[in-house]
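Visitor: For reference, the structure I am asking about is given below.
The values are calculated or read from the model by the stated rules, or taken from the named source; none is laboratory data. Everything numeric here is computed off the predicted structure, so don't read it as measured data. Virtual Cβ from ideal backbone geometry, glycine too; neighbours counted across all protein chains shown.
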Amino acid sequence: METRTFGTREDQVTGAIESQTSKIPSSVYLTAAIGSMAASAILKATGKQHWSLFVGQWAPAFLIMGLYNKLVKQLGSDTYTSRRAA
């Protein structure tokens, strides 16, 4: 199902951000998520409850950024409109 509106394009800021972040391998985001979980466990073991919760909440954000990165790499933000213009 196509949800794009004909003729719409991403703004320049979004395009610039996506062109830079698409250069980052997806494994970096997964490694960051696993690292934050490990750091959270270490902080919990050392008795730093508040820091443990704070760092542990980074994992979902890293995974979501990795998912967005993967989608941009596979589909692109302007895939439909750039093909239509060509």
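Visitor: Under 8 Å between Cβ atoms, at least 6 apart or on separate chains: pull out the pairs that start in region 13-25 with a residue that is within 14 Å of residue 65 (Cβ to Cβ) and end on any residue that is of a type in the set (Phe, Trp, Tyr) and at pLDDT 80 or above.
Guide: Listed by first residue and then by second, the contacts come to nothing, as the list is empty.
Visitor: Tell me, which helices (runs of 4 or more DSSP H) lie completely within the chain with 1 or more residues that are modelled with pLDDT of 95 or more and surrounded by fewer than 13 Cβ atoms within 10 Å (Cβ to Cβ)? It would help to see each step written out before you state the result.
Guide: Details: elements: 12-21, 26-45, 49-56, 58-75, 79-85.
Those helices (runs of 4 or more DSSP H) span 26-45, 49-56, 58-75.
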